[in-house]
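The values are calculated or read from the model by the stated rules, or taken from the named source; none is laboratory data. Fair warning: this is a prediction, and the values are worked out from it, not measured in the lab. Note: ideal-geometry Cβ built from the backbone for every residue, glycine included; neighbour counts use all protein chains shown.
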Amino acid sequence: MCPRDTSTERVLHPGAEGQQPLKLDAALTVEAWVRSEEARAEAMQVIAVQWELRSQMDCFETYDAGDTEGLRTQGYFGAVFDGRYVYFAPQYDGQERHGKVLRCDTAGQGACFVLKYMDCGHNGGLCGALPGPSFAVNTAGGIRNARANRNPGPGWHHLAGVYDGALLALFIDGELAGQGGGGGPLAPSQAAIQVGELATGCSRFRGEILQVRVANIARPASWIQEAYQQFKASVSSAER
């Protein structure tokens, strides 16, 4: 699947726990060959991640968001997630509407990148969702996102996230699906790379991950297109 070069590249496979981190600085390419079994917009599904969470919240009793730093809250109008921060719009404090927005940081010091097949889903009340693959990196200038906002559909797919310090791009089956501006060098991280789930074991990918490749350079669009064509040919040959 495309000739090798002098870059540092890591080939990762599902099932291997806490795979060693790859030294990343100014550039990054994450590729994955996947087949989804469940493409619900309600479920966040992680493909590959080097993203240390701020804290482990494995039960409803872990944190009471109704009383944050002295701001008493009863009910919420909604929330927004940008890949790192969750912004809550409180309804009121039990007596009056204060109009203050709560921001929760989900990333720890070791957050670097995350490639998802499906992002966070709706909250039930407002029925808002972020369908489709997304790619996020943590940089010196803050979090940067690229997303497709569409479901790739059934079957095998080649997903790729590319970052060169100035531009962030997401490819689906060799075609550009989303892009955004960069924020400079990547944030340093010693967190292990996880495949198919977050470090806490949640947000599992619901399907099959054939392989993930992580490289410390920004692959050109021609490389991504060639990788997809080779993969497509191999899948077609196997299904004959």
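Some notes on this structure:
Yes/no matrix, rows are residues, columns are (1) among the charged types (D, E, K, R); (2) modelled with pLDDT of 95 or more; (3) in the same structural domain as residue 113 (by TED's automatic domain parsing); (4) over 19 Å from residue 10 (Cβ atoms):
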site: 175; (1), (2), (3), (4): yes, yes, yes, yes
site: 184; (1), (2), (3), (4): no, no, yes, yes
site: 187; (1), (2), (3), (4): no, no, yes, no
site: 192; (1), (2), (3), (4): no, no, yes, no
site: 196; (1), (2), (3), (4): no, no, yes, no
site: 207; (1), (2), (3), (4): no, no, yes, yes
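- Residue count, segment 145-172 (criterion: assigned to a loop (DSSP other than H, G, I, E, B) and either touching a residue at least 40 places away in the same chain (Cβ under 8 Å) or farther than 18 Å from residue 220 by Cα (or both)): 10
- Considering the conditions (1) under 30 Å from residue 233 (Cα atoms); (2) at pLDDT below 75, residue 153 is excluded by exactly one of them, (2).
- When the criteria are applied in full, residue 161 fails the requirement of being modelled with pLDDT under 90 and either surrounded by fewer than 16 Cβ atoms within 10 Å (Cβ to Cβ) or not hydroxyl-bearing (Ser, Thr, Tyr) (or both).
- Any hit, segment 112-122, residues being assigned to a loop (DSSP other than H, G, I, E, B) and at pLDDT 75 or above: yes
- Number of the exception - residue 181 against (1) crowded, with 21+ Cβ neighbours inside 10 Å; (2) free of Cβ contacts under 8 Å to residues at least 40 places away in the same chain: (1)
- When residues of segment 200-220 are limited to those that are in contact with an Asp or Glu (Cβ under 9 Å, 6 or more places away or on another chain) and of a type in the set (A, V, I, L, M), the one farthest from residue 166 (Cα to Cα): 212
- Residue match in segment 96-104 (condition: modelled with pLDDT under 90, closer than 30 Å to residue 229 by Cα and out of contact with any helix residue (DSSP H, G or I) (no Cβ under 8 Å at 6 or more places or on another chain)): no
- So residue 66, is it over 23 Å from residue 194 (Cβ atoms), of a type in the set (Gly, Ala, Ser), over 24 Å from the mean Cα position of the chain (by Cα) and modelled with pLDDT of 70 or more: no
- Residues that are out of contact with any Phe, Trp or Tyr (no Cβ under 7 Å at 6 or more places or on another chain), among the aliphatic types (A, V, I, L, M) and surrounded by 18 or more Cβ atoms within 10 Å (Cβ to Cβ), drawn from segment 218-240: 227
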